[in-house]
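Structure record follows, encoded as structure tokens.
The values are calculated or read from the model by the stated rules, or taken from the named source; none is laboratory data. Quick caveat: nothing in here was measured; it's all calculated off a predicted structure. All Cβ positions, glycine included, derive from the backbone under ideal geometry; neighbour counts span all protein chains shown.
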Amino acid sequence: MIFVGLAGILAVLDWYAIAKEKTRLGYFTKPGVMLALLIYMWTTVNAPFVGGDEAGLLNWIFWGAAFSLAGDVFLMLPKERFVGGLIAFLFGHIAYAIGFDGIATLTYAFWPSRIIAFLLVIVAVRVYLTLARSLAASERNQYQIPVALYTIAITVMVYSALTRILDRNWYFVWSYAVAGGALLFYFSDVMLAWNRFVRPLENGRLKVRIAYHLGQIAIVVGATMHFSQYI
């Protein structure tokens, strides 16, 4: 867990860098958080992970974190590559969703899982329509389709994570960790999009980064601890 602690320290330093506008420090701390989490996974379970279906699922979580690192780098470049970051995080959400194995039907939790899906769709549609109106008003319609695809991907990821709470194969601590982490990741992205396309939020960048880091740490630790018992 040393590297989880390191990720936490780097996250706090990154929040400080944002609050105090320490750009150079941010170039080190922002990617450092995800890099530390990737090393944590690698050293905890000795990646590449082998040993059956669970190992394959953990590999997807690893790739989800790796794509997130790539997205962080795209968004921190001196000349920001927003679309590149969007694509990287989109693939990250897809990888996380596969890793959580949440698309598989839980026959004993059919209705609870459908209720979760229904609520998430309502939220996703409302968020997207608000963003779409703002994009149209600001003549940035080129982002309409990418943002729509991203909204679908992150909604599926959150659904996959939340339904782990219903999965009898997941110990409740780790299922709640990945579910909470996914929700924080979702809130982070909604705040980021709102801050960029709708209207600026007070301390928006800092709030986005705090939710993002806490979410990623919870996802990676929860998934690693769950799958490590099978490998």
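A few comments on the model shown:
- Residue match in the stretch 13-27 (condition: more than 30 Å from LEU166 (Cα to Cα), touching a helix residue (DSSP H, G or I) at 6+ places or on another chain (Cβ under 9 Å), part of a loop (DSSP other than H, G, I, E, B) and not hydrophobic (A, V, I, L, M, F, W, C)): yes
- None of ALA218, ALA211, ALA182, ALA161 is small (Gly, Ala, Ser), surrounded by 18 or more Cβ atoms within 10 Å (Cβ to Cβ), at pLDDT 95 or above and over 22 Å from LYS30 (Cα atoms) except ALA161.
- Test set (1) closer than 29 Å to VAL221 by Cα; (2) at pLDDT below 95 - TYR96 fails condition number: (2)
- Selection of first residues in the stretch 10-33 that are surrounded by fewer than 18 Cβ atoms within 10 Å (Cβ to Cβ) and of second residues that are among the small types (Gly, Ala, Ser), restricted to Cβ pairs under 8 Å at least 6 apart or on distinct chains, gives the following pairs, ordered by first then second residue: THR23/ALA17; LEU25/ALA17.
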